[in-house]
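S.K.: Take a look at this one; I'll ask things after.
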Amino acid sequence: MTIGFIGFGEAGSSIAKGLRSAGVDCLVAFDIKTDAPDAGSQIRQRAQQAQTRMVESSADLARASDIVFSTVTSSSALDAARQTVPFLEPRHIYADLNSVSPALKQDIARVVGASGAQFI
């Protein structure tokens, strides 16, 4: 089983470290800021510390993952789901771990549900 992270800031990298210490072997992540001058080096450093492989796109993340954790900023949660959903399949579990309103969580669930993936 491979767990993938959309967004690899403080929350995603902390969860990844915990999963790694609990024995999860396969972790991957995609973050749109991986190559950004202001945040990229910190994202890459967090990935190295959590032994998480960074991938180039949402498509790569979906291909490599069985479970997808969305750990982006709350203002980006719906956009992240929309960018990832074209690559999700019924085999996927999509877990939105973002702190958003119940109404927005329901919107994200509808977006993800259209792919056939399970939503948590």
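The values are calculated or read from the model by the stated rules, or taken from the named source; none is laboratory data. Everything numeric here is computed off the predicted structure, so don't read it as measured data. Cβ sites come from the backbone with ideal geometry, for glycine too, and all protein chains shown count toward neighbours. Note: accessible area is taken over every heavy atom of the protein model, side chains too, but ligands, DNA and RNA are not part of it. Shrake-Rupley method; radii C 1.70, N 1.55, O 1.52, S 1.80 Å.
S.K.: Of the listed values [x] 31; [y] 78; [z] 37, identify the label whose number matches percent of Cα pairs over 21 Å apart calculated from this model.
M.R.: The listed entry that was calculated here is [x].
S.K.: Can you pull the three principal axis extents for the Cα set of the stretch 4-47, in Å, largest first?
M.R.: Projected onto the principal axes, the Cα atoms of the stretch 4-47 cover 33, 13, 13 Å.
S.K.: Give the calculated FRET efficiency between LYS33 and ARG110 to the nearest 0.05, with a Förster radius of 30 Å applied to their Cβ-Cβ distance.
M.R.: 0.65
S.K.: Mind checking the dipole of the chain: about its Cα centre, +1 per Lys or Arg Cβ, -1 per Asp or Glu Cβ, Debye to the nearest 20?
M.R.: In debye, rounded to 20, the chain gives about 180.
S.K.: A further question on this structure: How much accessible area per residue does the chain have, in Å², with a 1.4 Å probe?
M.R.: 52 Å²
S.K.: Could I ask something else about it? In whole percent, and with a 1.4 Å probe on the protein chains, what portion of the accessible area of the stretch 11-120 is carbon and sulfur?
M.R.: 52 percent
S.K.: Please list the non-local residues whose amide H lies under 5 Å from the amide H of PHE5, H modeled 1.01 Å from N, same-chain partners needing a gap of 5 or more.
M.R.: Close amide H contacts, sequence-distant or interchain: VAL28, ALA29, PHE30, PHE69.
S.K.: Let me ask you something else. Could you grab the relative contact order for the stretch 51-120? Cα pairs under 8 Å, six or more apart, rounded to a whole percent.
M.R.: 34 percent
S.K.: Find me the longest stretch of the chain that has none of the exposed trypsin sites (Lys or Arg not before Pro), where exposed means in a DSSP loop (not H, G, I, E or B) with at most 16 other Cβ atoms within 10 Å.
M.R.: Value returned for the longest uninterrupted segment is 34-90.
S.K.: Can you find, among SER58, ILE93, SER75, the residue farthest towards the positive end of the dipole of the stretch 26-120? Put +1 on the C-beta of Lys and Arg, -1 on that of Asp and Glu.
M.R.: So the residue furthest toward the plus end is ILE93.
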